[in-house]
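The values are calculated or read from the model by the stated rules, or taken from the named source; none is laboratory data. Quick caveat: nothing in here was measured; it's all calculated off a predicted structure. Ideal geometry is used to build each Cβ from the backbone, glycine not excepted, and the neighbour counts take in all protein chains shown. Just the protein is used for accessible areas: all its heavy atoms, side chains included, with ligands, DNA and RNA removed. Shrake-Rupley method; radii C 1.70, N 1.55, O 1.52, S 1.80 Å.
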Amino acid sequence: SAGNYLNTRNNLIEITSRDIVLDGEIHAGLGDIMFTTCLRNSMGIGGTGPGHEGTFNVYRAELGNMICDDLKFESPAGKIDVHHTVSLDTARIAGAITINASSEEGRIVFNDDAQFKELFAFAGNGTLIKEDVILETTVGDLMLEGDHESESIVHKHIDIERRVSLHA
């Protein structure tokens, strides 16, 4: 509810869960915030509400409740779907956003336009950028990796559909 917050006074916040609802502020200051799904759960980042694939969802409004240096999302064995985000959603994140689905089965899918200050995305079994998506970083690097330390023979690449724009 309004007025609720978690403050670590510049230390790491690490949350591992099946899902989370962030009604209040999470303040790590100069520390990082890291979200990890339970084993075999997928994750959704961005968008405005229910209806996304992914058991563990962090929506746009929830992204705006976080203050930290770097923000990290990890799905140990699942898919991570990225939905619509704009830079204002993560304006209180000082550093980079890292999306990590680097296990053998891990896959990242950019479903909608997404804008971050700086983005690092690591997938063990491929990355897909869907048709008509604009993927943009406003300040720093845009790094996509489709075969992060994987021995999988399934995808091992980054798929880019028609009319995609990448801006860094």
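For this structure, a couple of remarks:
- Karplus (6.51, -1.76, 1.60) ³J(HN,Hα), θ = phi - 60°, over region 97-105, in Hz, Gly and Pro reported as x: 9, 10, 10, 10, 10, 8, 6, 3, 8
- Selected from 128, 142, 39 as most flexible by GNM, with the chain as the system and alpha-carbon contacts under 10 Å: 39
- For residue 117, the aspartates and glutamates whose Cα comes closer than 14 Å to its Cα, not counting residues fewer than 8 places off in the same chain, are 69, 70, 89, 136, 141.
- Rolling a 1.4 Å probe across the protein heavy atoms gives region 54-106 an accessible surface of 32 Å² per residue.
- Shape class for region 18-141, computed from the alpha carbon gyration tensor (a ≥ b ≥ c): rounded, with a/c under 1.5.
- Ligands, DNA and RNA left out, the accessible area of region 30-137 computed with a 1.4 Å probe is 51% carbon and sulfur.
- Segment residue 165-residue 40, extension gain: residue separation times 0.36 nm, minus the distance between their alpha carbons: 41.9 nm
- Spacing of the two label points (7 Å from each Cα toward its C-beta) at residue 23 and residue 92, in nm: 1.7 nm
- 13 Å Cα-Cα reach of residue 72 towards aspartates and glutamates, excluding residues that sit fewer than 8 places from it in its own chain: 14, 32, 118
- Taking amide H as placed 1.01 Å from N in the peptide plane, the amide H of residue 38 sits under 5 Å from that of 17, 18, each at least 5 places away or on another chain.
- With a Förster radius of 22 Å applied to the beta-carbon distance between residue 14 and residue 104, the computed FRET efficiency rounds to 0.45.
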